[in-house]
Structure formats: C-alpha cells, structure tokens
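The values are calculated or read from the model by the stated rules, or taken from the named source; none is laboratory data. Please read all numbers here as calculations on a predicted model, not as lab measurements. Neighbour counts are summed over all protein chains in view; Cβ atoms, including those assigned to glycine, are modelled from backbone coordinates with ideal geometry. Ligands, DNA and RNA are excluded from the accessible area calculation, which covers all protein heavy atoms including side chains. Shrake-Rupley method; radii C 1.70, N 1.55, O 1.52, S 1.80 Å.
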Amino acid sequence: MFASKVNKLIRRLLFPFERRRYGDVAMEKSSPVSGYSRLVLGIETSCDDTAAAVISETGTILGESLHSQKEVHLRTGGIIPTVAQQLHREHIERVVQEALERSGVDPCQLSAVATTVKPGLALSLGVGLEFSLSFVRRYRTPFIPVHHMEAHALTVRLLQPVPFPFLVLLISGGHSLLAVARGVDDFLLLGHTLDEAPGDTLDKVARRLSLTEHPRCSTLSGGQAIELLAQEGDRLKFPFRTPMGQTYDCCFSFAGLRNQVNMTIEKKEAEEGIERGTLLSCVNDIVAATQHTVACHLAKRTHRAVLFCKANGLLPSLAPTLVVSGGVASNQYIRKALGIIAEATGLRLLCPPAKFCTDNGVMIAWNGVERLREGKGILPPDADVSYEPKAPLGVDLTSRVKAAAIKVPSVRIKIS
Ligand code: KG4
Ligand code: ZN
C-alpha cells in the first residue's frame, strides 16, 4: 500500500504531464458533498445557449442554469455569430456561478470540468473554451473536451440504462446524422446532411412566413412555431416532394424542400395580393405540409439505417434501440413518424424529454461523467486545447451504406 503510494509519487515527479495522472486524480478526488463520489461541471456554448450544470457520477443533477439567446436571434432574423459571442461573454460567468451555487458544490470539489469544444460556431465555442481553461487552471481541475453530438447521443443514458450498441438519429438546428453508438467515443456514421440541418430549414421557413408576427408564436423557435401551427393545418393541401427519393443512402438534404416551400409561399403571396412579412391565410397548411415532409424524409432514411444495421449485424438482436435526440426531436409529430418506423422494424424508440433534447449543460456534464468513468479524454488543466467548428462524428460508413443501396419497403406515415 505504502510502496504503491511512493511509486505513484515518483511517477508523478518523473512524468508530470502524463495524461493518466489526471485520470488518476479524477478517480481519487472524493467529494465532501455527502454520498457523491465524483462531481462534474459541464459547460455548453457551441451555438446560442449558454448553459452549465453540475452532476454526480451517478447522474443526479445537482444544479443547472441556462441563458437562451433565442429571443434576440428571433428579432434579428437568425444567429449573428458576433452577437452570439457577445451574449455568451456577458452571461457565462453568471450561468456557471448559478449552476455551482444551486448544486452547493465548491469548485475545489469538482473531479472534472467538461466543455463543448466541437463542432459549433467558432466565436461561441471560443468563449466557453477560454472560460473553462481559465477555470480549470485556477482550481487545478482535470479538463474533458466534449464533442457536442456525442453529448446529444449519450444523454439518453443519463435518464435510463441503454446499453451499447444502439442506433441514434440526431436532429438539431446545426446537424442531422444517423450513427451507431458502440461506445462512449465509438461511433459509426451512417448518414449526415448534405446541405442544411432540419432545424435550420424549419427556422428559415418560419422566418420566411414571418411566424414571429403570429400572436401565438412571437417567442417560439421556428421549429416550435411550426409544430404548434401545423396542428391546425391540412398537410394534404401542399404535397411537397420528399427529398432524395432516388438516392438509396442514409444522408439527408433539406435545401430542396425549402426551395419548394419558398416557391409555394411566393405563389400564395401573389394570389392573395399580400406583401412579404404579412401572414398568409394558408400558413397552417404550409407548415403542416413542411413538417410532414421533414418527418417522412427523416423516417425513410432512418428506416434504411435500421435495415443496414440488421444486414450487417450492427445492433443486438435482443431489444435493439433507436435513440432520437437534438432540438428537432422535441417535435411530437416527428417522434410519431419515427415511432411508426421503429414499430415496423421491431426497434424500441427512446427520445429524451424536450428539455434534454435541446442544448443544455446537463448533457455536457454527463458526457464528462461517461468519459471520466472510462478514463477517456481526461486532460490536465494546463493542456493546450483548441476548438473545432467542424468535427465529424465517428468512423465514416456513408459510402458503404450508399453502396448497399437498400430499397426501403413503403411504410405509410399517417399521423392523426
Ligand atoms: O439542439 P438544439 O437546441 O441546438 C442545436 O444544436 O442546433 O436545436 C435547436 C433547433 C432549432 O432549429 C429549433 O427550431 C429546433 O431545434 N426545434 C424544434 C422544436 N423545438 C426546437 N424543431 C421542431 N419542433 C420543435 N418542437
Ligand atoms: Zn445541439
């Protein structure tokens, strides 16, 4: 016992920058917050939310805080990176302070700080990273850089036991991808968007329709506004084409759909003799049809991904699982469409509650816990870390999926 402590001490003196050392420190640090062995602070600033949370190794959320920039960006008609950066700068200290205070945890009790460093808006990522590095240097805390999409994919495991491997569809304002999650840092990428992300498309369509002028939508994100108004619309009035019908892979494309929708809006504005910026009388029908087409496109690609996984033995035969997360996954219509595919293919569908689908600090802290448990990617506080605006997730299998050219049997997406 004594000898092993001396050995450790000698190793630390000889190899002061050895990475494992910080894994060890993180393992050894125990928290005076009774009952919790290790505590992680998570920090998120990759897009337009400044968020932080403190969680225990067992997944108890001890304190969290979030400042959303949504209303500012709704007013300016989209995210302006310099504005996002300024707002992150103004709020990050308070948000982190609040999460810590609510948790009753002192910075010295933290076993690690986990922060999103990729992918995302460069100016936004920079604020979170700079703040985090000065924080970990001040308190001599190990640092865990986090991949934002990995965090979205793993959030479900905080909420319930979901063993690897599972299929995951991540749909947000910045991304859409299908992957097999095989481990904390082990993903197989089956498909991704070729142009824009579904949340981006919904936000742009909402903006083109001036939905913030609608009395029930003034503070809602584009996706939320579309979901709300679509409930009173007739999707059959505008039969938009589902994208990429002749491409038998698992990639996505939404720009063509947005073009179809824009052309319809222009035509309707001319027919109704109204200016751009005024609400169309058929706005509910247009958004219902847009939401339906997005749902069908996501469902079809996911269906093919399930068949590819089955053909290649990538999912367990017992209780194979489809996880759907990211901001757009809070949409109930889209969830139902994916539920139809899950049922048709015998998969169990899991979607975290909306609060955990959109960006939050808890998912980043949880990613820190998952990595801490496995001793993966834990860096010393003085490590040199940079942010990466673009960062693919996992091993790219998209060309193998395309080569397999799996034809998907027709499944009717009928949602009442
Ligand atoms: O994951 P998230 O919070 O941030 C990114 O990483 O992008 O996702 C934000 C996106 C926005 O585009 C927003 O319009 C969309 O998620 N979203 C929705 C809904 N709630 C948020 N889209 C469809 N239906 C919703 N209920
Ligand atoms: Zn996100």
Kindly establish whether I413 is away from ligand 2 (no atom under 16 Å from the Cβ), touching a Cys at 6+ places or on another chain (Cβ under 8 Å), touching a residue at least 40 places away in the same chain (Cβ under 8 Å) and over 30 Å from L121 (Cβ atoms).
yes
Among the residues of the stretch 33-63, the number that are within 15 Å of ligand 1 (Cβ to nearest atom), under 20 Å from L159 (Cβ atoms) and open to solvent by 10 Å² or more (accessible area, probe 1.4 Å) is 1
Considering only the stretch 401-416, state which residues are surrounded by 14 or more Cβ atoms within 10 Å (Cβ to Cβ) and either within 30 Å of S68 (Cα to Cα) or out of contact with any His (no Cβ under 6 Å at 6 or more places or on another chain) (or both).
V401, K402, A404, I406, V411, I413, I415
Please tell me if G277 is over 13 Å from I226 (Cα atoms) and either among the charged types (D, E, K, R) or touching a Gly at 6+ places or on another chain (Cβ under 7 Å) (or both).
no
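Okay, residues lined up against (1) of a type outside the set (A, V, I, L, M, F, W, C); (2) in contact with a Leu (Cβ under 6 Å, 6 or more places away or on another chain); (3) in contact (Cβ under 8 Å) with a residue 40 or more places away in the chain:
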site: L229; (1), (2), (3): no, no, yes
site: G233; (1), (2), (3): yes, no, yes
site: P239; (1), (2), (3): yes, no, yes
site: M244; (1), (2), (3): no, no, yes
site: C251; (1), (2), (3): no, yes, yes
site: N259; (1), (2), (3): yes, no, no
site: N262; (1), (2), (3): yes, no, yes
site: K268; (1), (2), (3): yes, yes, no
site: E272; (1), (2), (3): yes, no, no
Conditions first: (1) away from ligand 2 (no atom under 14 Å from the Cβ); (2) in contact with a helix residue (DSSP H, G or I) (Cβ under 9 Å, 6 or more places away or on another chain); (3) not basic (K, R). V136 passes all but one, so which condition is the exception?
(2)
Looking at D195, D203, D185 in this structure, which one is farther than 16 Å from C296 by Cβ, within 16 Å of ligand 2 (Cβ to nearest atom), among the acidic types (D, E) and in contact (Cβ under 8 Å) with a residue 60 or more places away in the chain?
D203
Would you check if there is a residue in the stretch 216-223 being buried (at least 20 other Cβ atoms within 10 Å of the Cβ), within 16 Å of ligand 2 (Cβ to nearest atom) and not in a helix (DSSP H, G or I)?
yes
Among the candidates I415, I364, I334, residue that is on the phi < 0 side of the Ramachandran plot, within 16 Å of ligand 1 (Cβ to nearest atom) and at pLDDT below 95:
I415
Of those in the stretch 58-78 that are modelled with pLDDT under 95 and of a type in the set (A, V, I, L, M), the residue nearest to R38 (Cα to Cα) is V72
Need a quick list: helices (runs of 4 or more DSSP H) entirely within the stretch 263-371 having at least 3 residues that are open to solvent by 30 Å² or more (accessible area, probe 1.4 Å).
283-311, 332-345
Which residue out of A153, A197, A122 is within 16 Å of ligand 1 (Cβ to nearest atom) and under 30 Å from Q260 (Cβ atoms)?
A197
Matching residues, the stretch 372-388, being in contact with a Ser or Thr (Cβ under 9 Å, 6 or more places away or on another chain) and either within 28 Å of K310 (Cβ to Cβ) or assigned to a loop (DSSP other than H, G, I, E, B) (or both):
P381, V385, Y387
Out of all the residues in the stretch 167-177, which are touching a strand residue (DSSP E or B) at 6+ places or on another chain (Cβ under 6 Å) and within 16 Å of ligand 2 (Cβ to nearest atom)?
V168, L169, L170, S176, L177
Cβ-Cβ under 9 Å pairs, at least 6 apart or on other chains, the stretch 378-394 side closer than 16 Å to A179 by Cβ, far side charged (D, E, K, R) and open to solvent by less than 20 Å² (accessible area, probe 1.4 Å):
L393/E150; G394/E150
With a cut-off of at least 2 residues that are open to solvent by 20 Å² or more (accessible area, probe 1.4 Å), farther than 29 Å from N312 by Cβ and hydroxyl-bearing (S, T, Y), name the helices (runs of 4 or more DSSP H) lying wholly within the stretch 92-198.
122-139
What single numbered condition from (1) of a type outside the set (G, A, S); (2) away from ligand 2 (no atom under 16 Å from the Cβ); (3) under 16 Å from the mean Cα position of the chain (by Cα) fails to hold for T212?
(3)
